[in-house]
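Single-structure report; data block below.
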Amino acid sequence: MSAGEAILNLLFPPKCAFCGALMEEPADGLCPACRSSLPYPSGKGELRTVGGFPCAVALRYEAMVRQGVHALKFHDHPQRARVFARYLAQASAEQFPGGFDTVTFVPVSLWRNYRRGYDQAQLLAEEAAKLWGVSAVPVLRKIRNNRPQSTVKTSAERRANVLDAYTVPHPELAKGRRFLLIDDVLTTGSTMAACARCLMDAGAESVVCAVLAGAEK
């Protein structure tokens, strides 16, 4: 550890990316308790289907994973995306080896991006893409500031809530590409499916999806 890093750790003690506990040794960004009890799906990663598109799920959306995602999305901790992206990238590589050539993400609205200061799915996509030595490409745009999906109760209402909410403003960025579409959390899959269909309608060759965490089915 450099002298500068040591000073930063004194001023801003490193915390676990998931539970937020203070850590003496930052290492991989996880405290020992979280490292030993992360809620992996069956095996290390799970494959679901959303609207006909395959979706890799890295972790279950419970316990410390929910806590970490909330810190990323709602409590101004964008740096946690770097740790989370490792799990997302691993699940994607395991489920879709050679199955994509372009990484993109489910965007938030311009208003929410402004209020939050960043787009959490974009951060996850960018950090995951770095691990493969590529760049995440912003292809989709959210054009309707709909209600948060977490506040919508039924699957039918969720599908209606994202109807015509996304577009591909520059179809030439999608044409002929095989996409990995990234988001933070999968619940019913309505948002992911809507974005995947937008990419296909814009001329994508194929779309596979990946999320950090999946809610219980």
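Each reported figure results from applying straightforward, stated rules to the coordinates on display, with no laboratory input. Since the structure is predicted, the reported quantities are computational estimates derived from the model, not experimental observations. Cβ sites come from the backbone with ideal geometry, for glycine too, and all protein chains shown count toward neighbours.
Out of 93, 212, 133, whose Cα points farthest toward the positive end of the dipole of the range 38-214 (charges: +1 Lys, Arg; -1 Asp, Glu; placed on Cβ)?
Going by the Cα projections, it comes out as 212.
Under 12 Å between alpha carbons, and skipping anything fewer than 8 positions from residue 15 in its own chain: which aspartates and glutamates qualify?
Excluding near neighbours in sequence, the set is 24, 25, 28.
Rounded to a whole number of µm²/s, how large is the Stokes-Einstein D of the range 38-214 at 4 °C and 1.567 mPa s, given Rh as the Kirkwood radius over C-alpha pairs?
Diffusion coefficient, whole number: 81 µm²/s.
Going highest first, how would you order 207-216, 58-67 by mean Cβ packing within 10 Å?
207-216, 58-67
Number of Lys-Lys pairs in the range 38-214 under 26 Å by Cα, sequence gap 8 or more or different chains?
Value for the range 38-214: 9.
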